Amino acid sequence: MFRWGVLSTAKIAQTQLLPAMQDASNCIVAAIASRDEARARQVADRFGVPHAFGSYEALLESDTVDGVYIPLPTSDHVGWSLKAARAGKHVLCEKPIALRAEEIDELIAERDRSGRIISEAFMVHYHPQWHKVRTLISDGAIGRLRHVNGVFTYFNKDPQNMRNKPELGGGGLPDIGVYPTVSTRLSTGMEPQRVRAEVERDPQFGTDIYANVSADFGDFNLDFYCSTQMALRQEMLFHGETGAIEVTAPFNAGDYGHAVVTLYNQDRSEAQVFSFPGVRQYRNMLETFADTALGGEGALFTLESSKANQKLIDAIYRAGDSDGWETV
């Protein structure tokens, strides 16, 4: 069994990752850390976790854990990932793992030096719906892919929320813009060449709250928008010469609907529906990570893919400040 430690009592840890760890076939939750030891003990007791620490450093020094999950504010991701790996722990860090692509180079170097796993927690990488989309595209089910459309939006104007604090790495692109980009890259196996974008910032918070993006992948374009101040929506559409693939609730099945992939023929007179009921993508991610750490050969989301995705986000920000295309 792989023994997890969790750095912080963040909401996503309590609502998604801790339950998934307890449900995973090869994982146990051994420890939780918080800067407030009473808070750590409260959450540990709630989930039946044996060890609670009043500092992140104390957890990293403990021999009760094999690896850590890091759901800290984005601005802390690189630093604590490095500290954890240097302490001999495997690392699963929430996305985005960094705020600039060049920061990931240090993580790659530490991974290679230490032999510890460092991986960004892109749960969509482990959902079978995206493997189905990639298979359909590669098998020619929609002919030549010409265009991809995507959207991911929610509404959040809470000034205390880290997503609205630029000093903590807040903003729509780091939080949700990464999903249309990573799922397009995953589904096609291709990388963008250039990008143009419109990026709007909140006058109070200073964070990006809306981005309208066009990315040129050579053979096709990806157009998507994301917003932290629009009504709830997420969709992805892959449009080819002889058909189209619609992905319903592509990133957060449950909150946005059921995980369904629909393949349409050229005139939309026929449709094949592929449904994925009961899939728990967080559990899939944790089991794959644990299996790899324990000596298996799981297909983890790599830091090289993290860097490629962040390069696109970096280029989107640059494009938002210019009037034309930016090279990725």
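The values are calculated or read from the model by the stated rules, or taken from the named source; none is laboratory data. All of these numbers come straight from a predicted model, not from anything done at the bench. Please note: Cβ atoms are built from the backbone with ideal geometry, for glycine as well, and neighbour counts cover all protein chains shown.
One table, with the values for the structure above:
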quantity: Count of the stretch 279-318 residues which are of a type in the set (D, E, K, R) and in a loop (DSSP other than H, G, I, E, B); calculated: 2
quantity: Among (1) crowded, with 19+ Cβ neighbours inside 10 Å; (2) out of contact with any His (no Cβ under 7 Å at 6 or more places or on another chain), the one test that residue 102 misses; calculated: (1)
quantity: Members of the stretch 108-122 found to be crowded, with 22+ Cβ neighbours inside 10 Å and either under 13 Å from residue 67 (Cα atoms) or hydrophobic (A, V, I, L, M, F, W, C) (or both), listed by number; calculated: 118, 119, 121, 122
quantity: Flag if residue 159 is surrounded by fewer than 18 Cβ atoms within 10 Å (Cβ to Cβ) and either in contact (Cβ under 8 Å) with a residue 60 or more places away in the chain or not hydroxyl-bearing (Ser, Thr, Tyr) (or both); calculated: yes
quantity: Residue under evaluation residue 98, criteria (1) part of a helix (DSSP H, G or I); (2) not assigned by TED's automatic domain parsing to the domain that holds residue 274, criterion not met; calculated: (1)
quantity: Residue ID - nearest to residue 71 (Cα to Cα), chosen from residues in the stretch 273-296 that are over 19 Å from the mean Cα position of the chain (by Cα) and aliphatic (A, V, I, L, M); calculated: 293
quantity: Residue that is farthest from residue 14 (Cα to Cα) [pool: residues in the stretch 51-85 that are small (Gly, Ala, Ser) and buried (at least 22 other Cβ atoms within 10 Å of the Cβ)]; calculated: 85
quantity: Qualifying residues in the stretch 233-254 (those that are under 18 Å from the mean Cα position of the chain (by Cα) and in a strand (DSSP E or B)) - the one nearest to residue 325 (Cα to Cα); calculated: 236
quantity: Residues satisfying the stated conditions in the stretch 139-164, i.e. assigned to a loop (DSSP other than H, G, I, E, B), basic (Lys, Arg) and closer than 18 Å to residue 226 by Cβ; calculated: 157
quantity: Single condition residue 10 does not satisfy, out of (1) farther than 21 Å from residue 178 by Cβ; (2) modelled with pLDDT under 95; calculated: (1)
